[in-house]
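Comments concern the structure below.
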Amino acid sequence: MSGKTLYDKIWDAHVVQRDEDGTCLLYIDRHLVHEVTSPQAFEGLRMTGRTVRAPQRTIAVPDHNVPTTTDRENGIENEESRIQVEALDKNAREFGVNYYPVSDIRQGIVHIVGPEQGWTLPGMTVVCGDSHTATHGAFGALAHGIGTSEVEHVLATQTLIQSKSKNMKVEITGQLRPGVTAKDITLSVIGHTGTGGGTGYVIEYCGEAIRSLSMEGRMTVCNMAIEGGARAGLIAPDETTFEYVKGRPHAPKGAQFEAAMAWWKTLYSDDDAHWDKVVTIRGEDIAPVVTWGTSPEDVLPISSTVPAPEDFTGGKVEAAKRALQYMGLEAGQKLTDIKIDTVFIGSCTNGRIEDLRAAAEILKGKKIKDGMRAMVVPGSGLVRAQAEEEGLAQIFIDAGFEWRMAGCSMCLAMNPDQLSPGERCAATSNRNFEGRQGKGGRTHLMSPAMAAAAAITGHLTDVRELMSEKETA
Amino acid sequence: MEKFEKLTGIAAPMPLVNIDTDMIIPKQFLKTIKRSGLGVHAFDEMRYLDDGSENPDFVLNKPQYRDAQVIVAGDNFGCGSSREHAPWALADFGIKAVISTSFADIFYNNCFKNGMLPIVMPQEVVDVLMKDADKGSNARMTVDLERQVVTTSDGEEFTFEVDPFRKHCLLEGLDDVGLTMEKVGAIDSFEAEAAQSRPWV
C-alpha cells in the first residue's frame, strides 16, 4: 500500500462517517462567514428552528460590501449593502458566533483575518462561503469554498457531505529570480495548467521555491488554487508556519502548542504517496507575469506581446477573440505598451503586510504618473496599522496613492470602489473576468511590485527595470 | 428542495468556454438577502445593453430560446466564485439542467442543492448536443435522471454518470441538512474523540 498525501492525512482525520459509495461526512474545524453568502443560510436556520452547532468554531466578519474610505463610520450609503452588513451583524450576535464588526480594528478580509488571529491552524478543515478560502491551505489546512446551502449545512451540523478529490502535486523547483514573487508563481501555474487544470483535484504546492516563501507568499500561492480549478491548495507546514502561528490570539499556548506541534510535524506527504497528476516548473523559469485577457489563465511574461486568437485551439479561439475585444487590445501589441488608468493594491491575494512592503519598496521616493488613480486597500485593520507603523503608508501617500481602510474593495467592486467602462486597471487581485471590477472595466492581474511599477510609469512595466535603476542609482 | 426526475425542453447553445460565475450573475446582484428573484439578472452583462434593453444577439433573448430549460455549454462552466447565486439565477430563469465537458467543482456542487442537474459529457457528445440545441425551439431535448440518459430531438441517446447519493437526493428532492441531522450521534462521538486527540482545535 502506498503512503498518504498531506490531503489524505487531513481528510482521514476528519471523517465522521463514510458511506458505502465513498461519500463522507467530514468534520469542519473552522467556519468563516461573511455578509454576502451567509444571510440565506442563517435565514434557513431560523425557518427550520435550527441553531448554530458550534458557534465557537464560527468566525464572522463583513468584508465584501464595506466602504474603504476613512469616513465609513458614518455608515454605508448603498441601501442593499447596508442591509447585508446589518444582517450579518444581527445574525452574528443572535447566534453567538465570533465576530469582528466594521468598527473593530481586527476587521478585514475574512481570509486575512482568520490566519492573523490564529483561527487557521495546520491540519484543520476550514470552509467559508467564498472560493478564496483556498488561501488557508498555506498552513497545511484543508480549506475550500462552499455554496450557501453548504454554509447552512455547516452552521447546523458542523460537517459537510463530501466526495474526496484527487491528488495533484505542483512542484516549483530551485529559486525565484529577483523581481519574481509568489503571485508570479501562482499565475504562472494557472497559465500552465489552465483554469480547468485543477478541477477535481486538491493541489499540494511543494519544492524549494515554495519552501523559501514566507507565510504571506504561501497564502498568495494557495489563494489562487481556485483560479486553477482546484477547490483547495495545500502547503505542508514547517518551521515558517509554526513561527507564524505561535503567539497568535487563537493559537494554542504552552503545553497545548507543544502537543499540537507534535501532530503538525506529521503533516506532510509521504515519499511513496500516490499522485494523480504532477506538474513541475523550474523556479528560475518564472518571470514577472501579467494577464492580458479575461480569464486568469491568460497569463504571459511581461516581456511578451498580446497573442492572437489563432494562437489557440478549440473553444479558446472564440474566447480569445472576445477577450481581446473586451480588453481593447490588438494582437501583437507589446504588453509594456498597454497604458493603465488605475492601480489597485489589495485583496485576499495580495493585501498582507509583505505585499505592501514590496509595493512600497518600488514606490519609495517616486510619484505615480499624472492622472493615475491609485489605491492601497490593506487586507485588515491590523495590516493597515502595521503599515503605518513601518512608514509604508507615508510612502504610498507621498507617491500619490489613496490610503484606504480594510475590505475586499475593488477586487470585486461590491462596494463603491469600482472601475468605469473602459477603465484599465493594474490589479493585485485574483480575477480578471469581464465586469469583475466594474461593468466594462479592464483588469490586468499582477504582483504588488508590478502594480507599483505600472503606477509610476503609467503602463504595464517590467518591475526589474525599476529595480536595476534603483540598484545603480 | 424541488425534485428532478425527467424533463423534455428547449436547450440553448452557449459554446463559449470558461463561462464564469461573474458572467452568470454579476456581483451587483449578490447584495440580496434572499434566494429568489435572480432570474431576471442571469447573464446580465451579456443579456442587456448599456441602456438596459435586451441584447438581441444574446442566445436567451432569441425568441426560440426564451423558454430554454437546458443549457449546452462550453468547457469549464461555472468557474470562479462560490456564489450560489449562480445556480439560483439559472434556476429562477427556468434552467433545470446544464450540459458541458466540465464544470467548476463548487458550481457543480451548488447545482445539486437547488434541484438542478449538471451533466458532464465528452467533447464529441457535447458537440452533437450543441448542434441539436442550435436547431432552436422545434428541437426538444430530454434529460432523464433515473435512466441517466440525454436524448436528442432525433432520438439519439447518450448516457451520463452521476454520483449515486446526489442522484438519490435529486430524485427524491431531499434536503441535505435534514439527512445529516439524523447522524447527530456520529457527530457527537467525533467531537468527543477530537476533544481528546486534538484539544487545541
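Can you pull the percent of the range A:291-472's accessible area that's carbon plus sulfur, 1.4 Å probe, other chains left in place? Don't jump to the answer; show the numbers that get you there.
On the way: 3090 of 6330 Å².
Accessible surface attributable to carbon and sulfur in the range A:291-472 totals 49 percent.
Would you list the P(r) distribution for the protein assembly as shown, with all Cα-Cα distances sorted into 20 Å bins from 0 and each bin expressed as a whole %?
Each 20 Å bin holds this share of Cα pairs: 19, 56, 24, 1.
Rounded to the nearest percent, how much of the accessible area of chain B (1.4 Å probe, protein heavy atoms only) is carbon and sulfur? Show your work: numbers first, answer last.
Working: 3880 of 8060 Å².
It is 48 percent, rounded to a whole number.
Using Cα positions and a limit of under 27 Å, work out the lysines in reach of B:K135, with same-chain residues fewer than 8 apart set aside.
Within reach: A:K316, A:K321, B:K6, B:K62, B:K96.
From the C-alpha gyration tensor of the range A:291-472, pull out the three semi-axes of the equivalent ellipsoid (sqrt of 5λ each), sorted largest to smallest, in whole Å.
Working: eigenvalues 154, 67, 33 Å².
Calculated on Cα positions only, the semi-axes equal 28, 18, 13 Å.
Determine the total buried accessible area between chain A and chain B, counting protein heavy atoms only with a 1.4 Å probe; round to the nearest 100 Å². The partial results should precede the final answer.
Details: alone 18270 and 10830 Å², together 23790 Å².
Using a 1.4 Å probe, the pair buries roughly 5300 Å².
Which cross-chain or sequence-distant (5 or more) residues have an amide H under 5 Å from the amide H of A:G440, H modelled 1.01 Å from N in plane?
A:G435
Rounded to a whole number, what is D in µm²/s for the range B:6-197 from Stokes-Einstein with the Kirkwood radius over alpha-carbon pairs (4 °C, 1.567 mPa s)?
Numbers: Rh = 17.7 Å.
My calculation gives 73 µm²/s for D.
Considering only C-alpha atoms, what is the centroid distance from the range A:185-229 to the range B:63-120, in Å?
Centre-to-centre distance over Cα atoms comes out at 26 Å.
Rounded to the nearest Å, what's the spacing between the alpha carbon centres of the range A:295-364 and the range B:143-201? Just the number, please.
40
Expressed as cubic angstrom per residue, what is the convex hull volume of the alpha carbon set of the range A:6-277? Write down the numbers at each step before the final one.
Details: hull volume 40.3 nm³, N = 272.
Given the Cα convex hull of the range A:6-277, per-residue volume reads 148 Å³.
Kindly identify residues of the range B:4-27 having a loss of at least 20 Å² in accessible area between the isolated chain and the assembly of all protein chains, probe radius 1.4 Å.
With the partner chains in place, the range B:4-27 has these residues losing at least 20 Å²: B:L16, B:V17, B:N18, B:D20, B:D22, B:M23, B:K27.
How many Cβ atoms of partner chains, on average, are near each residue of A:149-156 if near means within 10 Å of its Cβ?
Working: counts 13, 8, 2, 5, 7, 2, 1, 5.
Per residue, the number of nearby Cβ atoms from other chains is 5 on average.
Output the antiparallel fraction of DSSP beta bridges having both residues in the protein assembly as shown, as a percent to the nearest 5.
Details: 25 of 80 bridges.
Bridges in the protein assembly as shown that DSSP calls antiparallel: roughly 30 percent.
Nearest 20 debye, what's the magnitude of the dipole of the protein assembly as shown about its Cα centre given +1 on Lys and Arg Cβ and -1 on Asp and Glu Cβ? Before the final figure, lay out each step's value.
On the way: 68 positive and 95 negative charges, 170 e Å.
Approximately 820 debye in magnitude.
In the range A:6-277, what percent of the accessible surface is made up of carbon and sulfur (1.4 Å probe, ligands and nucleic acids excluded)? Present the calculation step by step, with values, prior to reporting the outcome.
Working: 3990 of 8410 Å².
About 47 percent, which is the carbon plus sulfur part of the accessible surface.
Once phi is turned into θ = phi - 60°, what whole-Hz ³J(HN,Hα) does the Karplus curve with 6.51, -1.76 and 1.60 give for every residue of the range A:122-139, x standing for Gly and Pro?
Here the 3J(HN,Hα) series is x, x, 7, 9, 10, 10, 6, x, 6, 5, 7, 4, 3, 3, 5, x, 4, 8 Hz.
State in Å² the accessible area per residue of the range A:273-349; use a 1.4 Å probe, count heavy atoms of protein chains only, and round to the nearest integer. Before the final figure, lay out the partial values.
On the way: 3180 Å² over 77 residues.
So the range A:273-349 comes to 41 Å² accessible per residue, rounded to a whole number.
Partner chain Cβ atoms within 10 Å, averaged over the residues of B:150-161 - can you pull that number for me?
Per-residue shielding by partner chains comes out at 0.
Can you show me the helix-derived [θ] at 222 nm for the protein assembly as shown, built from DSSP H runs with n ≥ 4 at -39,500 (n - 2.57) apiece and divided by the number of residues, rounded to the nearest 500. Write out the running numbers ahead of the final one.
On the way: 25 runs with 225 residues, N = 674.
The per-residue figure over the protein assembly as shown is -9500 deg cm²/dmol.
Heavy-atom accessible surface, probe 1.4 Å, ligands and DNA/RNA ignored: which residues of the range B:78-92 lose at least 10 Å² versus the isolated chain?
When all protein chains are present, B:C79, B:G80, B:S81, B:S82, B:R83, B:E84, B:H85, B:W88 each give up 10 Å² or more of accessible surface.
Excluding ligands, DNA and RNA, what is the solvent-accessible area per residue of the range A:165-237 at a probe of 1.4 Å, expressed in Å²?
Value for the range A:165-237: 22 Å² per residue.
For the range A:78-106 and the range A:255-272, write down the distance between their C-alpha centroids in whole Å.
Their Cα centres are 36 Å away from one another.
I'd like the residues of the range B:186-201 whose 1.4 Å-probe accessible area shrinks by no less than 30 Å² going from the isolated chain to the full set of protein chains.
B:A186, B:I187, B:F190, B:E191, B:R198, B:W200, B:V201
What is the mean number of Cβ atoms from other protein chains located within 10 Å of the Cβ atom of each residue in peptide B:178-184, rounded to a whole number?
Values: counts 3, 4, 11, 6, 0, 6, 3.
So the per-residue partner count for this stretch is 5.
Write down the accessible area per residue of the range B:1-135 in Å², having rolled a 1.4 Å probe over the full set of protein chains. Working shown, then result.
Details: 4660 Å² over 135 residues.
That works out to 35 Å² per residue.
For the range A:226-285, what percent of Cα pairs sit more than 14 Å apart? Walk me through the numbers before you get to the answer.
Numbers: 1259 of 1770 pairs.
Distances greater than 14 Å cover 71 percent of the Cα pairs.
If Lys and Arg each add +1 and Asp and Glu each add -1, what is the summed charge of the other residues whose beta carbon sits under 12 Å from the beta carbon of A:D29?
Values: positive: A:R30, A:R57, B:R198; negative: B:E191.
For residues surrounding A:D29, the net value is +2.
What spacing in nm lies between the two simple spin-label points modelled at B:T159 and A:S303, each 7 Å away from Cα in the Cβ direction?
A separation of 5.3 nm, rounded to one decimal place.
To the nearest 10 square angstrom, how much accessible area does A:S2 have with a 1.4 angstrom probe?
Approximately 60 Å² for this residue.
The values are calculated or read from the model by the stated rules, or taken from the named source; none is laboratory data. Note that the structure is predicted; figures quoted are calculated from it, not measured. Backbone-built Cβ (ideal geometry, glycine too); neighbour counts: all protein chains shown. Side chains are part of the model used for accessible areas, which takes the heavy atoms of the whole protein and leaves out ligands, DNA and RNA. Shrake-Rupley method; radii C 1.70, N 1.55, O 1.52, S 1.80 Å.
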